[in-house]
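Here the structure comes first, spelled out in structure tokens, and everything after it is commentary.
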Amino acid sequence: MTSLQSGFSASFLLSSSCSSCQRFSPLLFSQRRCSNFILSRRHLNRRLKPRLRHAVTENSKLDCKRKSRAAAEDGVFTSPEEAKSFDLSSEERIYKWWESQGYFKPKFDRGSDTFVVSMPPPNVTGSLHMGHAMFVTLEDIMVRYHRMKGRDTLWLPGTDHAGIATQLVVERMLASEGIKRAELGRDEFVQRVWEWKKKYGGTITNQIKRLGASCDWTREHFTLDEQLSRAVMEAFVRLHEKGLIYRGSYLVNWSPNLQTAVSDLEVEYSEEPGTLYYIKYRVAGGSRSDFLTIATTRPETLFGDVAVAVHPKDERYSKYIGMMAIVPMTYGRHVPIISDKYVDKDFGTGVLKISPGHDHNDYLLARKLGLPILNVMNKDGTLNDVAGLFCGLDRFEARKKLWSDLEETGLAVKKEPHTLRVPRSQRGGEVIEPLVSTQWFVTMEPLAEKALHAVEKGDLTIIPERFEKIYKHWLSNIKDWCISRQLWWGHRIPVWYVVGKDLDEEFIVARSADEALEKAHEKYGKDVEIYQDPDVLDTWFSSALWPFSTLGWPDDSAEDFKKFYPTTMLETGHDILFFWVARMVMMGIEFTGSVPFSYVYLHGLIRDSQGRKMSKTLGNVIDPIDTIKEFGTDALRFSLALGTAGQDLNLSTERLTANKAFTNKLWNAGKFVLQNLPRENDISSWEKILAHQFDKEEFTLGLPLPECWVVSQLHMLIDSVSLSYDKFFFGDAGREIYDFFWSDFADWYIEASKARLYHSGNGSTASVAQSVLLYVFENVLMLLHPFMPFVTEELWQALPYRKEALMVSAWPRTPLPRHSNSIKKFENLQALTRAIRNARAEYSVEPAKRISATIVGSDEVIRYISEEMEVLALLSRLDAQNIRFTDSPPGDANQSVHLVASEGLEAYLPLADMVDISLELARLSKRLSKLQTEYDGLSTRLCSSQFVDKAPEDVVRGVREKAAETEEKIILTKNRLAFLKSTVPVPK
């Protein structure tokens, strides 16, 4: 098939001389064209005639109006008639124009049907990575689709203050100036962070805009905004008043370098080479042979041992259960030997040291059995007084010295390599230390119960559904949430202590310092002094309030809260289903009585072309901004959107290149459509084009076959794509649009339309083709706009009579008429065309050569195929003057290539039209001789036992496959020779 691109040059030359295919005036398609001038198709029929007549009679007045309008929008859009390809640099101009027109804001005038998405707030310290590109793409697709569907849409953006990350960034900046945080003091340091945020905090926001995010930036929030801070204080106070917030000492993830507790999400586990140490624990009161050997990866924590455990059914150690073991290097400290099913008999020696102060699993076991908690670690990662002579040593230095001392005392058995699952800080990369610390906690079980019911009752739908099981499992086994962090940047915990009073007993929870002081005066008198808790809240605490705090809560009367809450969709990565999504659900139900969103859409990770996770270490990180510069935003978005919900996506340069080619294909199609429409002042031509009513069944059924086929296919596509959008099957929607545009429209209908535009003397068929080209193309742009907003808007603005921007145009309605019988008929025409093309390729017929043909079929088939003789001739490169349509084979059938296109449709192509038979016989005879020689050589090798028995198996297999392939070619060549010889007499 002639490609769209290769067919353009010749087609455009033809169009320039065709009266029905004249180009639009440059005024209509220039960069200066104003959107206020253009009209929508639905109003055009009743307004076109007087408007165009007015244009003909009062050109000077109209030209003045155009010039004044053009000045308002100079340089925003470019027509395909003026540029060879879509200019990627225009994306930012288009985005600014959208924003300046107010298209991103909800209108408050479309009824009560809303579609609301809260953007997952990226860290204010961040810069764009592919994870951001993924969520922006998917959310923007949803928002643009529902906006075009007529819903009052709000995509609410914002950034997170990112307590640990931001504090680290500023501390490093100060360190480069020779300043330490402690030297500045808290207030001065926080002021420095705000200054940094003001200067650098907008980077991620600007990069998100570069992706085309149609957010309402007038509603942008920051988690430390005054409004959101007020919501955080209110939430803390209410939870405390209900008894759901408490202060206590528990095992947390501790970062020695950052000097703060960190959340589970901020701990990353990596497989690293390590060592398993085997150590003797003597049994108290026993002989020298009575000892238990434990295996541990962290021998330095033995100073915190409170028990030694074995499995109840492990016969090796049953006699020791109930006795005492002596902890090495502790001057004879005894701990009980206990049994518990928690112990893995097959790991190490089957004996487990219980150090609940430094291991999460040991901590849970100790709590269950009532064992004491012993901490041997300082907050800076050094050992404390409990470690005796090892006090003050760094934890890793202590490990080396302890093992050396154990070897000297004969208590070291052995050590061996062992792969460790090491917990490291996501921020600093250091090894996290489980440590008992006094922190603030939220009791989660009663909150989790309501969040579980929300899914069970169908109030919340998780996409894909398989993540519901994970969600339910986590909420059913939830632990209390440590919400305090030992930082200076963040929401300071709204708790005040009374000077001279017990911190655990006498404290005041209040919404502000003034309220706290007032409460203190009431309880302790006017002379009392108070001070605020130095800790700040976990960043995830404020994020858990995001869907409603950004809409005005706790002010339930706030206009945005009443209009847009609950929100519709929460889209994010599946890796934070527990840490963020579930917490939002719990907090939303607790504080508003409603689930904060109806749907949760979870996307997967983006991996490289080999399926590997992107990392700087592997050097396989793809930068979104660099990608946009090279391939364009549309190509990147389309590549990211073709995945499946919850599944990881492999992103490659090849995929991006292919989708950039898709952008170019759209552009060239737009060029073709525009250059084959009438002049703007050709009133009669435009009246004919715009009189076509594709939403009327009788009109669609009356279209010629190719036009009825492509319009029917389009109408089915609109139904299918709309359903895929509604079900959030974005990958399916994208692929369906891509396939229809590239194959049905570009490769088939555009090529078929050339028979109407360039070769037909019938003006009415040309008018129909022009109208269909415009109608199908504009609908493709609508369907594709949520995926590829920039190139579709640019092309839309180049089309005639656009009243509104594409992004706020109405989505195509459904259902629309289609004719299944016409689809089957055109598929027969396609099958016939493919068969003829394949035969031409098989016989190496020159592309420009036109050949004759006899088409054989039933009366009905012949009738509709013959009606499209010009289309068939153009698509198949047949000689239109020498095509015969009949119900029986021709007389020279034995001298023709016989093709069966489909049941009841055949073709006969005279061989003499396609090849010089004498030359072809000579060529095939030479080819047969060469193939036979090759086959004989392969057969000789395979008959040799020396080769078959001694050569590698894969080599022998390769030779056998090659021989079979060559034999098949010989048979085909012989058949071809026999056929050719049967068509003409060959001299002896």
**OP:** Could you tell me whether the stretch 91-235 comes out rounded, prolate or oblate from its Cα gyration tensor? Rule is a ≥ b ≥ c as square roots of the eigenvalues, rounded for a/c under 1.5, then prolate if a/b exceeds b/c, otherwise oblate.
**Re:** prolate
Original post:
In whole percent, what relative contact order does the chain give with Cα contacts below 8 Å and a gap of six or more residues?
Top reply: 15
Original post:
Would you list L374, L829 from the most to the least accessible area, probe 1.4 Å?
Top reply: L374, L829
**OP:** Show the residues, 5+ positions off or on another chain, whose built amide H is closer than 5 Å to the amide H of T293.
**Re:** Y281
Original post:
At S844 and E445, where each label point lies 7 Å from the Cα along Cα→Cβ, what is the point-to-point distance in nanometres?
Top reply: 8.3
**OP:** Report the equivalent ellipsoid semi-axes for the stretch 642-818 in whole Å, largest first, defined as the square roots of five times the eigenvalues of the gyration tensor built from alpha carbon atoms.
**Re:** 29, 18, 16
Original post:
Taking a point 7 angstrom from the Cα of E416 along the C-beta vector, which residues in the stretch 327-370 have backbone N less than 19 Å away?
Top reply: 344-353
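Considering the convex hull of the alpha carbon atoms of the stretch 255-433, report its projected area averaged over all viewing directions, in nm², one decimal.
Quarter of the Cα hull surface area: 10.2 nm².
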Original post:
Restricting to the chain, what percent of DSSP beta bridges are antiparallel, rounded to 5?
Top reply: 70
**OP:** Quick one: dipole size for the chain, taken about the Cα centre, charges +1 on Lys/Arg Cβ and -1 on Asp/Glu Cβ, in debye to the nearest 20.
**Re:** 2300
Subject >> Tail weight of P(r) past 19 Å, computed on alpha-carbon pairs of the stretch 918-983, percent >> reply: 42
Original post:
Alpha carbon centre of the stretch 554-601 versus the stretch 194-220: separation in Å?
Top reply: 22
Original post:
the stretch 399-506: percent of C-alpha pairs farther apart than 17 Å?
Top reply: 77
Subject >> Modelled FRET efficiency - R0 30 Å, E465 with Y269, Cβ distances, 0.05 increments >> reply: 0.65
Subject >> Set of aspartates and glutamates with alpha-carbon distance to K400 below 15 Å, sequence-local pairs under 8 removed >> reply: E300, E408, E416
Original post:
Karplus couplings for the stretch 315-331 from phi (6.51 cos²θ - 1.76 cosθ + 1.60, θ = phi - 60°), rounded to Hz, Gly and Pro as x?
Top reply: 5, 4, 10, 4, 6, 8, 4, x, 8, 10, 10, 9, 6, x, 6, 10, 6
Subject >> Under-5 Å amide H pairs with A901, H placed in peptide plane, nonlocal only >> reply: E906, A907
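With a 1.4 Å probe and every protein chain left in place, work out the accessible area per residue of the stretch 873-988 in Å², rounded to a whole number.
63
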**OP:** Give the carbon-plus-sulfur fraction of the accessible surface of the chain in %, rounded to a whole number; probe 1.4 Å, heavy atoms of protein chains only.
**Re:** 49
Original post:
Using 0.36 nm per residue, how much length does the chain from R837 to H360 gain when fully extended, once their Cα-Cα distance is taken away?
Top reply: 164.7 nm
Original post:
Taking +1 at the Cβ of each Lys and Arg and -1 at the Cβ of each Asp and Glu, which of G588, T833, L774 sits farthest along the dipole of the chain towards its positive end, judged by Cα position relative to the Cα centre?
Top reply: T833
**OP:** Can you find, among W796, V136, F347, the residue farthest towards the positive end of the dipole of the chain? Put +1 on the C-beta of Lys and Arg, -1 on that of Asp and Glu.
**Re:** W796
**OP:** Could you order peptides 766-774, 961-969, 435-443, 644-652 by the average number of other Cβ atoms within 10 Å of their residues, highest first?
**Re:** 766-774, 435-443, 644-652, 961-969
**OP:** Step through the residues of the stretch 685-701 one at a time and calculate ³J(HN,Hα) from phi using the Karplus curve (6.51 cos²θ - 1.76 cosθ + 1.60, θ = phi - 60°), rounding each to whole Hz and writing x for Gly and Pro.
**Re:** 5, 6, 5, 5, 4, 8, 7, 6, 10, 6, 8, 9, 4, 5, 5, 4, 5
Original post:
What is the spin-label model distance, in nm, from R247 to F347 if the labels are put 7 Å beyond Cα along the C-beta direction?
Top reply: 3.6
Original post:
How big is the accessible area of Y801 in square angstrom, nearest 10, if you roll a 1.4 angstrom probe over the protein chains?
Top reply: 10
**OP:** Would you mind getting the accessible area per residue of the stretch 255-433, heavy atoms of the protein chains only, 1.4 Å probe, in Å²?
**Re:** 48
Original post:
Cα centroid distance between the stretch 800-851 and the stretch 327-381, in Å?
Top reply: 73
Subject >> Cα gyration tensor, the stretch 224-346 - rounded (a/c under 1.5), prolate or oblate >> reply: prolate
Original post:
For the chain, what is the calculated [θ] at 222 nm in deg cm²/dmol (nearest 500), taking -39500 (n - 2.57) for each run of four or more DSSP H residues and dividing by its residue count?
Top reply: -14500 deg cm²/dmol
Original post:
For G202, what is the net charge nearby, where nearby means another residue's Cβ is under 12 Å from its Cβ and Lys, Arg count +1, Asp, Glu -1?
Top reply: +3
**OP:** Give me the angle, in degrees from 0 to 90, between the Cα long axis of helix 953-983 and the longest principal axis of the Cα atoms of the chain, rounded to the nearest 10.
**Re:** 20
**OP:** Evaluate the charge dipole of the stretch 918-983 about its Cα centre and quote only its size in Debye, nearest 20, assuming +1 on the Cβ of each Lys and Arg and -1 on the Cβ of each Asp and Glu.
**Re:** 400
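Compute the accessible area per residue over the stretch 642-818, keeping the other protein chains in place, probe 1.4 Å, unit Å².
Accessible area per residue, the stretch 642-818: 29 Å².
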Original post:
Among the lysines, which have Cα under 28 Å from the Cα of K472 when same-chain residues fewer than 8 positions away are ignored?
Top reply: K242, K341, K368, K450, K457, K613, K727
**OP:** Have a look at T983, G958, S945 and report the one farthest towards the positive end of the charge dipole of the stretch 918-983, computed about the Cα centre with Cβ charges (Lys/Arg +1, Asp/Glu -1).
**Re:** T983
Original post:
Where nothing but the Cβ of Lys and Arg (+1) and of Asp and Glu (-1) is charged, how large is the charge dipole of the stretch 642-818 around its Cα centre, in debye to the nearest 20?
Top reply: 300
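The values are calculated or read from the model by the stated rules, or taken from the named source; none is laboratory data. Here the structure is a predicted model, which means the values were calculated and not measured. In this analysis, Cβ positions are derived from the backbone assuming ideal geometry, glycine residues included, and neighbour counts consider all displayed protein chains. What goes into the accessible areas is simple: the full protein's heavy atoms, side chains included, and nothing from ligands, DNA or RNA. Shrake-Rupley method; radii C 1.70, N 1.55, O 1.52, S 1.80 Å.
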